[in-house]
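Novice: Have a look at this one before I ask anything.
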Amino acid sequence: MLAAQYVRGGGIEVVEADPRRPGPGEVQIDVAYVGICGTDLHILHGAMDERVGARAVIGHETAGRVHAVGDGVTAWSVGDHVTVMPLEWCGTCPTCVAGHRHICDRLNFVGIDSTGALQEMWTLPQHLLVRLPAELSLRDAALVEPVAVAHHDVRRARLEPGQRAAVVGGGPVGLLIALVAAAQGAEVRVLETNPFRRSVIAALGIDVVDPVDIAALVEEWTGGAGAEVVFEVSGAQGGLDSAVDLVRARGRLVVVGIHAQRRELDLKRVFWKELEIVGARVYESQDFADAVASLAAGTIPVEALISKVVPLESAAEAFEILDLGGAVMKVLVDCGGAEPQ
């Protein structure tokens, strides 16, 4: 079979590999589609080499079909449509015992800390699988993981209907946060510098602006008060600065973007306005269930999000397209596991 590996210092390389047969309690899936995300670009740039192997198969946004099951597997059958919640926790560390298993102290984020989805066939523990409804296509289901991220971020924000929510960064996750927040009754505005992404967001009926004058935006939108909740999704210093400018007194700043470097934060303003800073890292099981339901109901504009699909043998191209930015939102890799139409 083919597999796409991250080669430390050398980018993405597609190689021939032997599929691993499922052992007891394991399931082998035919991978249909894999989404490439910002975390994968961090891996590509070497920013996560302390976690990712020197020649590692990565990828964690996926959907596929069960190909084979190992001994003791009774909940899954060949042909079942599945996605993967790629979190393996230990269950015994202080964080797990406190009820926060999704951010386990020894968390194995599958596709980063261990072998991921960018391969034709993938064998993994059965408890990581999430069942997909028949009406949801495997192509659309490759978005379950990022939609789950958005549901988790909005839930962490404790956003209430009628509140203003600003989203700094209008890439796929920022757009999904805006959609989930709006569906929950918030008044949403997205700040995005990329003209193409602004056009996609505006076409979906979401207010979006180029963040050139934050002070004017705060005055025009909120009468100078600021937004109750601001999601920082850009992962850039400028985005963080804008987020602090946007949030109102006793508002909540939700940190979603991955900041690969240390950032400056004006703690005097945090103190002065009595701000809450909330981290939002991954997701919980309820977020995955909500994401599957959102996609199955057709409330997520999948066609606006998926800019391009490339075959597995061209996986390096998927990374290049996304890394260049410009006229692109989400790029999927077709690993060949979808059922024939």
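Novice: Go over the candidates GLU135, GLU145, GLU120 one by one and state the one that is within 20 Å of PHE319 (Cα to Cα) and over 19 Å from the mean Cα position of the chain (by Cα). Steps first, please.
Specialist: Values: GLU135 fails: within 20 Å of PHE319 (Cα to Cα); GLU145 fails: over 19 Å from the mean Cα position of the chain (by Cα).
Of GLU135, GLU145, GLU120, the one residue that is within 20 Å of PHE319 (Cα to Cα) and over 19 Å from the mean Cα position of the chain (by Cα) is GLU120.
Novice: What are the residue pairs meeting all of these: first residue in segment 288-315, first residue farther than 16 Å from ALA142 by Cβ, second residue small (Gly, Ala, Ser), Cβ atoms under 9 Å, and 6 or more apart or on different chains?
Specialist: Partner pairs satisfying both residue conditions: ALA289/ALA148; ASP290/ALA148; THR299/ALA183; THR299/ALA293; GLU313/ALA4.
Novice: Hey, which of the helices (runs of 4 or more DSSP H) in segment 191-283, taking only ones fully inside, have at least 1 residues that are without any contact (Cβ under 8 Å) to a residue 60 or more places away in the chain and among the hydroxyl-bearing types (Ser, Thr, Tyr)? Give the steps one after another, and end with the answer.
Specialist: Values: elements: 195-203, 214-222, 237-246, 267-272.
Passing ranges, in order: 195-203, 214-222.
Novice: Could you tell me whether GLN163 is over 30 Å from TRP76 (Cβ atoms), crowded, with 17+ Cβ neighbours inside 10 Å and not aliphatic (A, V, I, L, M)?
Specialist: Numbers: over 30 Å from TRP76 (Cβ atoms): yes; crowded, with 17+ Cβ neighbours inside 10 Å: yes; not aliphatic (A, V, I, L, M): yes.
The answer is yes for GLN163.
Novice: Which residues, counting only those in segment 1-34, are assigned to a strand (DSSP E or B) and within 18 Å of MET85 (Cβ to Cβ)? Give the steps one after another, and end with the answer.
Specialist: Filtering segment 1-34 for residues assigned to a strand (DSSP E or B) gives 2-7, 11-16, 26-34.
Hits for segment 1-34 are GLU26, VAL27, GLN28, ILE29, VAL31, ALA32, TYR33, VAL34.
Novice: While we're on this one: Out of ILE29, ILE36, which single residue is farther than 18 Å from PRO125 by Cβ, at pLDDT 95 or above, assigned by TED's automatic domain parsing to the domain that holds GLN119 and buried (at least 16 other Cβ atoms within 10 Å of the Cβ)? Break it down into steps so the answer makes sense when it comes.
Specialist: On the way: ILE29 fails: farther than 18 Å from PRO125 by Cβ.
Unique residue meeting the criteria: ILE36.
Novice: Take segment 27-47 and flag every residue that is among the hydrophobic types (A, V, I, L, M, F, W, C) and in contact with a strand residue (DSSP E or B) (Cβ under 9 Å, 6 or more places away or on another chain). Steps first, answer last, please.
Specialist: Of the residues in segment 27-47, the ones among the hydrophobic types (A, V, I, L, M, F, W, C) are 27, 29, 31-32, 34, 36-37, 41, 43-44, 47.
Correct list: VAL27, ILE29, VAL31, ALA32, VAL34, ILE36, CYS37, ILE43, LEU44.
Novice: Let me ask another. Assess whether GLU228 counts as being surrounded by fewer than 16 Cβ atoms within 10 Å (Cβ to Cβ) and on the phi < 0 side of the Ramachandran plot.
Specialist: On the way: surrounded by fewer than 16 Cβ atoms within 10 Å (Cβ to Cβ): no; on the phi < 0 side of the Ramachandran plot: yes.
No.
The values are calculated or read from the model by the stated rules, or taken from the named source; none is laboratory data. In this text, all values refer to a predicted model and were calculated from it rather than measured experimentally. Counting neighbours? That spans all protein chains shown, and the Cβs are built from the backbone with ideal geometry, glycine included.
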